[in-house]
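Colleague: Before I ask anything, here is the structure I am working with.
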Amino acid sequence: MQIEVSRDVFRLAQVFTISRGSRTEAKVLTVRISDGLHRGWGECVPYARYDETLDTVEAQIAGLPDVFSRYSLMDLLPAGAARNAVDCALWDLEAKRAGKRAWELAELVTPGPEITAYTLSLDTPEAMQAQAAENAFRPLLKIKLGTPDDMARLEAVRTGAPKSKIIIDANEGWSADVYADLAPHLVRLGVALVEQPLPAGEDDALIGMARPVPVCADESCHDRTSLPALKGKYDVVNIKLDKTGGLTEALELRKAALAEGYGVMVGCMVGSSLAMAPATLVAQGAMVTDLDGPLLLAEDRDTPLNFDDAGVHPPKAALWG
């Protein structure tokens, strides 16, 4: 097999801010794998939170042997961005070889559209209210929080979008005391889910704590090996392919999480339609789908995913799978 790696940059439609910082573009790695006749591709977003950079991820991919399969790849690379791009490229390659769609190879039912969250960037309460009002037509809004003065932001968003379902991503930005103080207000304001309220290394504080709103593990959940440590802390797990290391593990994590009684959320980093495409398979029937990356971009891949009132649709074969 021949592997090619390129770096691509997609401009964002507007500045995107979370509790860890701001960005104006999405920098991704695109992996193309060819067998001489067919070529598959995949995308990943290296994440500094996990000490990943474009350079380190590209080096991981460069160290792969000439011949391997999706199954041996699980032992060749750890869960993370590098394995994700390669794994998804292999799925695409296999689909092209077989003349079938990726969901057929995975023995899944034909996927349909799923309502996706739309993320509001962290900003002043006034700016977030304006963002919410502009997007009040959307059925599901996700709010980036994670600061000591989040209550005003939450109130502002609810005022701006009184009918939208709201979920919150604190990005590990709260303490146990802050979360406990906010929890009753989350209920009052109709918040449906709170994502990773505490730092991953400090989430034992959630054990025994009242969770009137379902709490979702994001940074605390990477792949199936994460599940034992989540018991008693979380109600939902957020499956992101850049954490699981690709579609192969994501499907297995979904199966294992559901078997253990967790709800499933399917999320994403800020990337193009190519990065979201495999995740649409995992998102079928999920409690929450958060695959809005392309909606945050000013530019996208050719043959991008279709987003409409029904949600995000599965990819056309010209894009992936």
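Colleague: Can you tell which of Cys268, Cys221 is within 26 Å of Asn306 (Cα to Cα), not in a helix (DSSP H, G or I) and not aliphatic (A, V, I, L, M)? Full working, then the answer.
Modeller: Working: Cys221 fails: within 26 Å of Asn306 (Cα to Cα).
Just a single option satisfies the conditions, and that option is Cys268.
Colleague: Same structure, new question: How many of the residues making up segment 213-225 are touching a Leu at 6+ places or on another chain (Cβ under 8 Å) and more than 15 Å from Gly263 (Cβ to Cβ)? First the steps, then the outcome.
Modeller: So the first thing to find is which residues in segment 213-225 are touching a Leu at 6+ places or on another chain (Cβ under 8 Å), and the list is 213-217, 220-221, 223-224.
Imposing the further condition that a residue be more than 15 Å from Gly263 (Cβ to Cβ) reduces the set to 223-224.
Number satisfying all stated conditions: 2.
Colleague: What about Ile18, is it within 23 Å of Ser220 (Cα to Cα), surrounded by 15 or more Cβ atoms within 10 Å (Cβ to Cβ) and either in contact (Cβ under 8 Å) with a residue 40 or more places away in the chain or within 19 Å of the chain's Cα centre (by Cα) (or both)?
Modeller: On the way: within 23 Å of Ser220 (Cα to Cα): yes; surrounded by 15 or more Cβ atoms within 10 Å (Cβ to Cβ): yes; either in contact (Cβ under 8 Å) with a residue 40 or more places away in the chain or within 19 Å of the chain's Cα centre (by Cα) (or both): yes.
Against the criterion (within 23 Å of Ser220 (Cα to Cα), surrounded by 15 or more Cβ atoms within 10 Å (Cβ to Cβ) and either in contact (Cβ under 8 Å) with a residue 40 or more places away in the chain or within 19 Å of the chain's Cα centre (by Cα) (or both)), Ile18 qualifies.
Colleague: Related question: What do you reckon, is Asp204 open to solvent by less than 10 Å² (accessible area, probe 1.4 Å) and of a type in the set (Asp, Glu)?
Modeller: Numbers: open to solvent by less than 10 Å² (accessible area, probe 1.4 Å): no; of a type in the set (Asp, Glu): yes.
So Asp204 does not fit the description; no.
Colleague: Let me ask you something else. Between residues in segment 86-99 that are farther than 13 Å from Leu319 by Cβ and residues that are of a type in the set (S, T, N, Q), which pairs lie under 6 Å by C-beta distance while being six or more apart or on different chains?
Modeller: Asp87/Thr248
Colleague: In segment 285-309, which residues are farther than 17 Å from Trp320 by Cα, among the charged types (D, E, K, R), open to solvent by 20 Å² or more (accessible area, probe 1.4 Å) and in a loop (DSSP other than H, G, I, E, B)?
Modeller: Answer for segment 285-309, where residues must be farther than 17 Å from Trp320 by Cα, among the charged types (D, E, K, R), open to solvent by 20 Å² or more (accessible area, probe 1.4 Å) and in a loop (DSSP other than H, G, I, E, B): Glu299, Asp309.
Colleague: Going by the structure shown, is Val282 surrounded by 19 or more Cβ atoms within 10 Å (Cβ to Cβ) and without any contact (Cβ under 8 Å) to a residue 40 or more places away in the chain?
Modeller: Here the answer is no, as Val282 does not meet what is asked.
Colleague: Just one of the numbered conditions (1) without any contact (Cβ under 8 Å) to a residue 60 or more places away in the chain; (2) outside any loop (DSSP other than H, G, I, E, B); (3) more than 25 Å from Gly232 (Cα to Cα) is not true of Lys163; which one?
Modeller: (2)
Colleague: Given the conditions (1) over 18 Å from the mean Cα position of the chain (by Cα); (2) assigned to a helix (DSSP H, G or I); (3) buried (at least 16 other Cβ atoms within 10 Å of the Cβ), and given that Ser226 satisfies all but one, which numbered condition is not satisfied?
Modeller: Against the list (1) over 18 Å from the mean Cα position of the chain (by Cα); (2) assigned to a helix (DSSP H, G or I); (3) buried (at least 16 other Cβ atoms within 10 Å of the Cβ), Ser226 comes up short only on (1).
Colleague: Of all residues in segment 229-266, which are within 19 Å of Asp203 (Cα to Cα), open to solvent by less than 10 Å² (accessible area, probe 1.4 Å) and touching a residue at least 40 places away in the same chain (Cβ under 8 Å)?
Modeller: Within segment 229-266, Val236, Asn238, Ile239, Lys243, Met265 meet the criteria.
Colleague: Sort out which residues of segment 193-208 are free of Cβ contacts under 8 Å to residues at least 60 places away in the same chain and under 25 Å from Leu141 (Cβ atoms), and write them in order of number.
Modeller: From segment 193-208, those free of Cβ contacts under 8 Å to residues at least 60 places away in the same chain are 194, 196-208; that's our starting set.
Once the filter is applied, which keeps residues that are free of Cβ contacts under 8 Å to residues at least 60 places away in the same chain and under 25 Å from Leu141 (Cβ atoms), segment 193-208 yields Val194, Gln196, Pro197, Leu198, Pro199, Ala200, Asp203, Leu206.
Colleague: (1) of a type outside the set (Gly, Ala, Ser); (2) surrounded by 20 or more Cβ atoms within 10 Å (Cβ to Cβ); (3) without any contact (Cβ under 8 Å) to a residue 40 or more places away in the chain: which one isn't true of Arg211, the others all being true?
Modeller: (2)
Colleague: Taking Ala275 as meeting all but one of (1) under 26 Å from Arg11 (Cα atoms); (2) in contact (Cβ under 8 Å) with a residue 60 or more places away in the chain; (3) open to solvent by less than 10 Å² (accessible area, probe 1.4 Å), write down the number of the exception.
Modeller: (3)
Colleague: Take the residues of segment 184-196 that are at pLDDT below 95 and under 24 Å from the mean Cα position of the chain (by Cα): which is surrounded by the fewest Cβ atoms within 10 Å (Cβ to Cβ)?
Modeller: Only one residue fits best here, namely Gly190.
Colleague: Further, regarding this structure: Regarding Lys100, is this residue open to solvent by less than 20 Å² (accessible area, probe 1.4 Å), at pLDDT 95 or above, among the basic types (Lys, Arg) and out of contact with any helix residue (DSSP H, G or I) (no Cβ under 7 Å at 6 or more places or on another chain)?
Modeller: Numbers: open to solvent by less than 20 Å² (accessible area, probe 1.4 Å): no; at pLDDT 95 or above: yes; among the basic types (Lys, Arg): yes; out of contact with any helix residue (DSSP H, G or I) (no Cβ under 7 Å at 6 or more places or on another chain): yes.
Here the answer is no, as Lys100 does not meet what is asked.
Colleague: Further, regarding this structure: Can you pull out the residues in segment 22-57 that are open to solvent by 80 Å² or more (accessible area, probe 1.4 Å), in a loop (DSSP other than H, G, I, E, B) and among the acidic types (Asp, Glu)?
Modeller: Asp51
Colleague: Which ones in segment 126-146 are assigned to a helix (DSSP H, G or I) and open to solvent by 40 Å² or more (accessible area, probe 1.4 Å)?
Modeller: Kept after step one, since they are assigned to a helix (DSSP H, G or I), are these residues of segment 126-146: 126-134.
If the condition is that a residue be assigned to a helix (DSSP H, G or I) and open to solvent by 40 Å² or more (accessible area, probe 1.4 Å), then Glu126, Gln129, Ala130, Ala133, Glu134 are the ones that fit.
The values are calculated or read from the model by the stated rules, or taken from the named source; none is laboratory data. Since the model is a prediction, treat every value here as computed from it, not as a measurement. Here Cβ is always computed from backbone atoms with ideal geometry, including for glycine, and neighbour counts include all displayed protein chains. Calculation scope for accessible area: heavy atoms of the full protein, side chains included, ligands and nucleic acids excluded. Shrake-Rupley method; radii C 1.70, N 1.55, O 1.52, S 1.80 Å.
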